[in-house]
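Have a look at this one.
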Amino acid sequence: MGPQTRGTQVLEPGEPADVGMSAERLARITDHLEAETQDGDVTSASVLVARHGKVILHRGFGRLNPHPDSPATQPNTVYLLASISKPVSVCGLMLLVENGKVDLSDAVQRYLPEFQGDHKDQVKVWHLLSHTSGMPDMLPENVELRRAHAQLSEFVSGALRTPLLYGPGTQFAYQSMGTLLAAEITERVSGNRLRDFLRREMFEPLNMKHSVLGLDGLSIEDTAIVQEDHGDSEDSRRWGPNSPYWRDMGHPWGGLHSTPGDLAILLQTFLNGGDYSQFRLFSPVTTAAMTRDHNGAIGAPWGLGWALRDSLVWNYFGNLGSAGTFGHVGATGTVAWADPVHQLIVVLLTTSSHRRKVLLNSISNMAQSAVVDV
């Protein structure tokens, strides 16, 4: 546990005017989310906006599931985050990098010797974190594995065997399987399951008390239920995003459960340069490395785990923030980002994948336009 650094901010309630924000413009966010949930396009949504360490908007909208007697959504309702899980999982690996147990410039084969095939000896650990390793997003047998309720270890075996799609470092292609291999390195080097490692080394010391990879005692019924196009199908019930199998697998590319409040703590930790309250998660050098572009040579901006404002495949952080804005989005209708220039944090978790592009970007723009004192 390190000392609290000068300028470290701990999230606490505040008023918009105290941090240079317009209450009137923030009200556009609540009006918009109330309309979305009342119309039924979005079943559940929870939003948090914070600036300079002050939480100035934190509300829930709608209900946990479509049933009229379902409990109302709370400000800190638990959601399945989908791909926001990726940068959180990468944090586990970066803790090992800081401890000298993993080197980002090492070949992946040093830690995963079964990773064999054409050009695989050229894949560095950092390629896995910046989506430039050549790994596919999903395995060719992804659906078959899910239908069979395959264990996560079977996905790992498939990822170790699957051919690369291109030479490492030469192209960008978003890849969940790269995150899976990064997590496998974390597990082998640490000797712990990733879910246990993250809980002990990050969630508990940061007081992210509602965050868990997989379920580990969390009841699905107490979480926001993902809206599915074919939610009544047998496949959806057996291995869809609301199934016990998928919720508890603990897959590092999409299996994290959390709340707006917990994610805001992690984002504030990065804005603080790695510290939160009396706990030091990372060095400021590490947080800077994770949130700067590592793909300049191929023109596909991405950090280590974190997406950036100008990352090619995501445009959900709004159009008005600084180029240093970092965060991630999830296919279940979730987004979390922080703008270090304006010291602004936005977390919006919803249950609607089909509304995510227009909704997440719109809310992000509304929050950015509420800044009236820079």
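The values are calculated or read from the model by the stated rules, or taken from the named source; none is laboratory data. No experiment lies behind these values; they were computed from the predicted model shown. No Cβ is skipped: glycine too gets one built from the backbone with ideal geometry, and neighbour counts run over all protein chains shown.
Yes/no per residue for (1) farther than 20 Å from LEU213 by Cβ; (2) of a type outside the set (Phe, Trp, Tyr); (3) touching a strand residue (DSSP E or B) at 6+ places or on another chain (Cβ under 8 Å):
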| position | (1), (2), (3) |
| --- | --- |
| ALA27 | yes, yes, no |
| GLU34 | yes, yes, yes |
| VAL42 | yes, yes, yes |
| HIS52 | yes, yes, no |
| PRO75 | yes, yes, yes |
| SER83 | no, yes, yes |
| VAL90 | no, yes, no |
| MET94 | no, yes, no |
| VAL97 | no, yes, no |
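In the set LEU95, LEU112, which member is hydrophobic (A, V, I, L, M, F, W, C), in a loop (DSSP other than H, G, I, E, B) and buried (at least 19 other Cβ atoms within 10 Å of the Cβ)?
Details: LEU95 fails: in a loop (DSSP other than H, G, I, E, B).
Just a single option satisfies the conditions, and that option is LEU112.
If you don't mind, there's one more thing I want to ask. Kindly list, by first and then second residue, each pair from a residue in region 349-374 that is crowded, with 22+ Cβ neighbours inside 10 Å to a residue that is among the hydroxyl-bearing types (Ser, Thr, Tyr) and assigned to a helix (DSSP H, G or I), limited to pairs with Cβ atoms under 9 Å and residues at least 6 apart or on different chains.
From residues that are crowded, with 22+ Cβ neighbours inside 10 Å, the pairs are THR350/THR37.
While we're looking at this one, here's another question. Can you tell me which residue within region 15-28, out of those that are in contact with a Lys or Arg (Cβ under 8 Å, 6 or more places away or on another chain) and aliphatic (A, V, I, L, M), is surrounded by the most Cβ atoms within 10 Å (Cβ to Cβ)?
Result: MET21.
Just to verify a result, which residue in region 261-275, among those that are in contact with a His (Cβ under 9 Å, 6 or more places away or on another chain) and closer than 14 Å to VAL88 by Cα, is surrounded by the most Cβ atoms within 10 Å (Cβ to Cβ)?
ASP262
Per-residue answers, yes or no, for (1) touching a residue at least 40 places away in the same chain (Cβ under 8 Å); (2) not aliphatic (A, V, I, L, M):
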| position | (1), (2) |
| --- | --- |
| CYS91 | yes, yes |
| VAL97 | yes, no |
| ASP103 | no, yes |
| ARG110 | no, yes |
| PRO113 | no, yes |
| GLY117 | yes, yes |
| VAL125 | yes, no |
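Moving on to the next point. Between GLY240, GLY299, which is free of Cβ contacts under 8 Å to residues at least 24 places away in the same chain, farther than 25 Å from ALA45 by Cα and among the small types (Gly, Ala, Ser)?
GLY299
Taking region 351-374, which residues are within 23 Å of THR223 (Cβ to Cβ), in contact with a Leu (Cβ under 7 Å, 6 or more places away or on another chain) and among the β-branched types (Val, Ile, Thr)?
Of everything in region 351-374, just one residue is within 23 Å of THR223 (Cβ to Cβ), in contact with a Leu (Cβ under 7 Å, 6 or more places away or on another chain) and among the β-branched types (Val, Ile, Thr), namely ILE363.
Let me ask something else. List the pairs whose first member sits in region 33-56 and is polar (S, T, N, Q), whose second member is at pLDDT 95 or above and in a helix (DSSP H, G or I), and whose Cβ atoms are under 6 Å apart, counting only residues at least 6 apart or on separate chains?
SER46/PRO260
Given the residues ASP103, ASP31, which is the only one that is among the acidic types (Asp, Glu), surrounded by fewer than 21 Cβ atoms within 10 Å (Cβ to Cβ) and either touching a Lys or Arg at 6+ places or on another chain (Cβ under 6 Å) or assigned to a helix (DSSP H, G or I) (or both)?
Step by step, each of ASP103, ASP31 is checked, and only ASP31 is among the acidic types (Asp, Glu), surrounded by fewer than 21 Cβ atoms within 10 Å (Cβ to Cβ) and either touching a Lys or Arg at 6+ places or on another chain (Cβ under 6 Å) or assigned to a helix (DSSP H, G or I) (or both).
Every residue in region 34-74 that is assigned to a helix (DSSP H, G or I), crowded, with 17+ Cβ neighbours inside 10 Å and out of contact with any helix residue (DSSP H, G or I) (no Cβ under 7 Å at 6 or more places or on another chain), please.
The answer is THR37, and nothing else.
Between TYR174, TYR166, which is under 18 Å from HIS251 (Cα atoms) and in a loop (DSSP other than H, G, I, E, B)? Before the answer, list the steps.
Numbers: TYR166 fails: under 18 Å from HIS251 (Cα atoms).
So the residue among TYR174, TYR166 that is under 18 Å from HIS251 (Cα atoms) and in a loop (DSSP other than H, G, I, E, B) is TYR174.
Which condition from (1) more than 19 Å from the chain's Cα centre (by Cα); (2) among the basic types (Lys, Arg); (3) not in a loop (DSSP other than H, G, I, E, B) is the one that LYS86 breaks?
(1)
Kindly provide the set of residues from region 341-369 that are under 16 Å from TYR79 (Cα atoms), touching a helix residue (DSSP H, G or I) at 6+ places or on another chain (Cβ under 6 Å) and β-branched (Val, Ile, Thr), ordered by number.
Those that are under 16 Å from TYR79 (Cα atoms), touching a helix residue (DSSP H, G or I) at 6+ places or on another chain (Cβ under 6 Å) and β-branched (Val, Ile, Thr): VAL346, VAL347.
Among the residues of region 116-135, which ones are assigned to a loop (DSSP other than H, G, I, E, B) and surrounded by fewer than 19 Cβ atoms within 10 Å (Cβ to Cβ)?
Listed by number, the residues that qualify are GLN116, GLY117, ASP118, HIS119.
Please note which strands (runs of 3 or more DSSP E) are completely contained in region 300-363 and include at least 1 residues that are more than 20 Å from GLN175 (Cβ to Cβ) and at pLDDT 95 or above.
Fully inside region 300-363 and qualifying: 334-339, 344-350.
Per-residue answers, yes or no, for (1) surrounded by 20 or more Cβ atoms within 10 Å (Cβ to Cβ); (2) among the aromatic types (Phe, Trp, Tyr):
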position: HIS210; (1), (2): no, no
position: GLU221; (1), (2): no, no
position: ALA224; (1), (2): yes, no
position: ASP235; (1), (2): no, no
position: TRP253; (1), (2): yes, yes
position: THR259; (1), (2): yes, no
position: SER277; (1), (2): no, no
position: PRO284; (1), (2): no, no
